[in-house]
Amino acid sequence: MRQLTLKEKVNIIKDYTEQLTPMITLAKQHNRSRHGIWKLLNKAGVDTSKRKITVSCSTCGKEIKRTKARIRRQLNHFCDYTCYFAFLEAGNGNPYIQSSQGQRIARVKAAEYIELKDGYIVHHEDRNTLNNMIHNLKVFRNQGDHIRYHRGFAIEPLWDGNKL
């Protein structure tokens, strides 16, 4: 097995500390064992303990402790429910009551343009399930992609009615 270059070592340390990439993922990317990555990080003085990391509340800015896994999984962090609901009231939540009738109509409209398989999710861009105009609809592969899209991750829909 060849030695890692200095640039690769720096990239591993940067990915682990800044991007919070798990050791097992780094090991697979660089064709090394997880223990080898751990030794490299410890030798460089990086804290590899499973302690929580300090992040800021997305609403009030208060410092809170979260695990690395939770930080990777969630885009926004809140110190309590008060801040969470304040975040939603600031325009980041769904102001409309969900209408199952509107969702059924949206599936029928989207099915005119794309074959809807079981599990595909039809999303209303303006979050109003009563607005079933084609330019307001998007189709996601599964509920997970749909939720990640709502949380602000860069997820491409399978079909976007706005691009017609």
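Just name one of 21, 124, 40: the one whose Cα is farthest towards the positive end of the charge dipole of the chain (beta-carbon charges, Lys/Arg +1, Asp/Glu -1).
40
Specify whether the C-alpha gyration tensor of the chain places it in the rounded, prolate or oblate class, a ≥ b ≥ c being the square roots of the eigenvalues: rounded for a/c under 1.5, otherwise prolate if a/b is larger than b/c and oblate if not.
oblate
Would you mind checking which residues have amide H under 5 Å from residue 159's amide H? H placed 1.01 Å from N; only 5 or more apart, or other chain.
Placed amide hydrogens put 139 under 5 Å from residue 159.
Strictly over 18 Å apart at the Cα level, which of 14/43; 14/62; 14/39; 109/163; 14/65; 9/39 would you flag in this model?
14/62; 14/65
Would you mind checking which residues have amide H under 5 Å from residue 77's amide H? H placed 1.01 Å from N; only 5 or more apart, or other chain.
Those lying under 5 Å, H to H, from residue 77 are 58.
Rounded, prolate or oblate: pick one for region 100-147, where a ≥ b ≥ c are the square roots of the eigenvalues of its C-alpha gyration tensor, a/c under 1.5 means rounded, and failing that, prolate if a/b is larger than b/c, else oblate.
Here region 100-147 falls in the oblate category.
Only counting other Cβ atoms within 10 Å, I'd like 49, 56 sorted with the fewest neighbours first.
Lowest to highest Cβ neighbour count: 49, 56.
So if R0 is 41 Å, what FRET efficiency would residue 160 and residue 28 give, r being the distance between their Cβ atoms, rounded to the nearest 0.05?
Taking R0 as 41 Å, the efficiency between residue 160 and residue 28 is 0.80.
Only the coordinates and a few stated rules stand behind these numbers; no lab work does. Because the structure is a prediction, the values reported are computed rather than measured. For neighbour counting, all protein chains shown are included, and Cβ atoms are generated from backbone atoms with ideal geometry for every residue, glycine included.
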